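Take a look at the structure below.
Rule-based calculations on the coordinates, nothing more; no lab input. As the structure is a computational prediction, the values presented were derived from the model and not from experiment. Glycine gets a Cβ as well: all are built from the backbone with ideal geometry, and neighbour counts include every protein chain shown.
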Ligand SMILES: Cc1cc2nc3c(=O)[nH]c(=O)nc-3n(C[C@H](O)[C@H](O)[C@H](O)COP(=O)(O)OP(=O)(O)OC[C@H]3O[C@@H](n4cnc5c(N)ncnc54)[C@H](O)[C@@H]3O)c2cc1C
């Protein structure tokens, strides 16, 4: 069968890999350009690669407040993770649990107080609406407790005391038995190999580092330029019918027009290391015993914003317990290059270098320490094993941006980015929806189409309205 168009994808993170696979399945000629040498290091987090997808683990959840479409996409993805793991396990003989890409160990959503708050109520209502309420267990509800017990989830329905309450009060919490985590780096390495085996061509390192896009005046849409391919760091040019920008938090630097829709900001991560000889801690924080914990340290604010989120994941097979703070997503505003189509006071927020991203602001470290003192008390006085700023690609409304970029002629540039801190869980299915949009545009049958389209009319919200003078600019926070 003759191949359809040629598509060059910039970035081999979750968005790039997932789309590459789905396009190949639709018989496109697909090449992926990636500046990190993932072929050699298998997406190892130890390399300090600047990519949100390169990480030990990320949370899998289907709880999305009123966003029923993401809840449904998460359920679609969950099914795909389970199927993929089943396939992988049947061909392996080593420790199966440690090799799973998706670990369905549950997630405890701890509330800001002893009561259920607004976002949680919306989530439970939508779970009910989709017939999933039985998968959720509310700590203070005796019926839910009983059900959790009969289904062997009760040990993860944990009680945490609210500090300085007398008589002592307990945080309300909801255990989500659909949730857990994905082994992010392992999943990328796996799906990259699947894509390569299907005929996706990969260019890594110097050969994959994209320096510029090749452009020409369109003869069809004469007022516009079209992109005809790209040039890599080794000086080689590569022609393509469609160039896809899937470069995560670097997408705006690859294609500056994206800066009108996206902003790079960072979450703060810290790890603790447990030695296997400490059998008590090793057991307690294992995925079998310890759920993912998320804590909203503050109720929804008067402007309707949910803030103050902290989380911890069970230990990895190597013994790392990861804790994250996303109460403040730090921006890094720098002067934007001349001619950048959208800037704020001539600046844009771009990721710090890999070295500069190895430390976190003091206020993030303090928030993590406070969280740890309540929820992982054994680590209260332990030094961090590592710290890292991990860079988000935030959109104006937290929904992804997966569509043609109308500023370029003839459908020559497609954006597949804007993960906004929740894209990892969708790896197995995101590309299928994105490929359908790439192939069919407005005729796409994907139910995500309306949410992911190019949306210049979207108001500047989600913190992207703040700009360099805003309170999150990291130079004001260290
Ligand atoms: C702190 C944090 C916590 C998160 N937690 C969760 C979670 O719990 N659950 C969840 O589902 N999601 C979570 N996410 C979101 C998820 O990690 C992202 O949505 C997803 O990883 C984004 O993938 P990506 O492919 O768009 O970007 P990336 O993973 O950043 O990949 C982009 C790739 O493009 C490459 N690249 C960039 N520029 C070039 C160039 N010029 N040439 C060649 N290659 C280039 C980079 O090297 C990189 O490999 C979190 C994100 C962050 C930052």
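Can you divide the C-alpha Rg of the stretch 418-474 by 2.2 N^0.38 Å and report the result to two decimal places?
Taking the Cα Rg and dividing by 2.2 N^0.38 Å, one obtains 1.46.
Going by average Cβ neighbours within 10 Å, how do the peptides 36-46, 139-149, 13-23 rank, with the highest at the top?
Most protected by this proxy first, the peptides run 13-23, 36-46, 139-149.
For the chain, what is the largest minus smallest coordinate of the Cα atoms on each principal axis, given in angstrom and ordered from greatest to least?
That works out to 75, 54, 45 Å along the principal axes.
Which residues does a label at residue 318 reach in the stretch 16-46, if reach means a backbone N under 18 Å from a point 7 Å past the Cα toward the Cβ?
Within reach of a label on residue 318: 37-46.
Using 0.36 nm times the number of residues separating residue 154 and residue 231, minus their current alpha carbon distance, what extension gain do you get?
So the extension gain works out to 22.2 nm.
Can you tell me the 0 to 90 degree angle between the C-alpha axis of helix 118-129 and the longest principal axis of the chain, rounded to 10?
It is inclined by approximately 80 degrees.
If each of residue 277 and residue 353 carries a label point 7 Å out from its Cα toward its Cβ, how far apart are those two points in nm?
The modelled label-to-label distance comes out at 3.8 nm.
Relative to a virtual label point 7 Å from the Cα of residue 3 in the Cα→beta-carbon direction, which members of the stretch 243-272 show backbone nitrogen distances below 14 Å?
243
Evaluate the distance, in nm, between pseudo-label points positioned 7 Å from the Cα of residue 140 and of residue 224 along their respective Cα→Cβ axes.
5.4 nm
Quick one: which of 199-210, 24-35, 216-227 comes out on top by average Cβ neighbours within 10 Å, and what's the full order, highest first?
Going from most to least packed, we get 24-35, 199-210, 216-227.
Would you mind checking the tilt of helix 14-25 against the longest principal axis of the Cα atoms of the chain, expressed as 0 to 90 degrees and rounded to 10?
With both axes taken from Cα atoms, the answer is about 60 degrees.
Give the span of the stretch 156-283's Cα atoms along each principal axis, as three whole-Å numbers ordered largest to smallest.
The principal-axis extents, from largest down, are 75, 36, 26 Å.
Would you mind giving the average projected area, over all directions, of the Cα convex hull of the stretch 3-101 in nm² with one decimal?
That works out to 8.5 nm², a quarter of the Cα hull's surface.
Using only Cα atoms, locate the centre of the stretch 153-171 and the centre of the stretch 378-395, then give the distance between them in Å, rounded to an integer.
25 Å
Tell me the label-point distance for the pair residue 212, residue 239, using the 7 Å Cα-to-Cβ offset, in nm and rounded to one decimal.
Each label point is offset 7 Å from its Cα along the Cβ direction, giving 1.9 nm.
List residues of the stretch 240-277, by number, whose backbone nitrogen lies under 19 Å from a label position 7 Å along Cα→C-beta of residue 381.
Counting backbone N atoms under 19 Å from the label point, the list is 272-275.
For q values of 0.12, 0.15, 0.18 Å⁻¹, compute log₁₀ I(q)/I(0) with the Debye formula on a Cα-only model of the stretch 41-174, without solvent.
-0.65, -0.94, -1.16
So what's the stretch 323-404 giving for Rg/Rh, alpha carbon basis, Kirkwood Rh from the mean inverse pair distance?
1.08
For the chain, what does -39500 (n - 2.57) per DSSP helix run (n ≥ 4), summed and divided by total residues, give at 222 nm, in deg cm²/dmol to the nearest 500?
Mean residue ellipticity at 222 nm (helix-derived): -7500 deg cm²/dmol.
Which whole-angstrom value gives the distance between the alpha carbon centres of the stretch 55-85 and the stretch 416-478?
The distance from the Cα centre of the stretch 55-85 to that of the stretch 416-478 comes to 17 Å.
Got the relative contact order for the stretch 119-219 handy, in percent, Cα pairs under 8 Å and 6 or more residues apart?
Contact order relative to length: 20 percent.
Rounded to the nearest 0.05, what FRET efficiency do residue 196 and residue 129 give with R0 = 45 Å and r taken as the Cβ-Cβ distance? Could you check?
Efficiency computed from Cβ-Cβ geometry: 0.65.
So what is Rg over Rh here for the stretch 208-283, counting just Cα atoms and using Kirkwood for Rh?
1.32
On C-alpha positions alone, give me the angle between the axis of helix 184-197 and the longest principal axis of the chain, in degrees, nearest 10.
40 degrees
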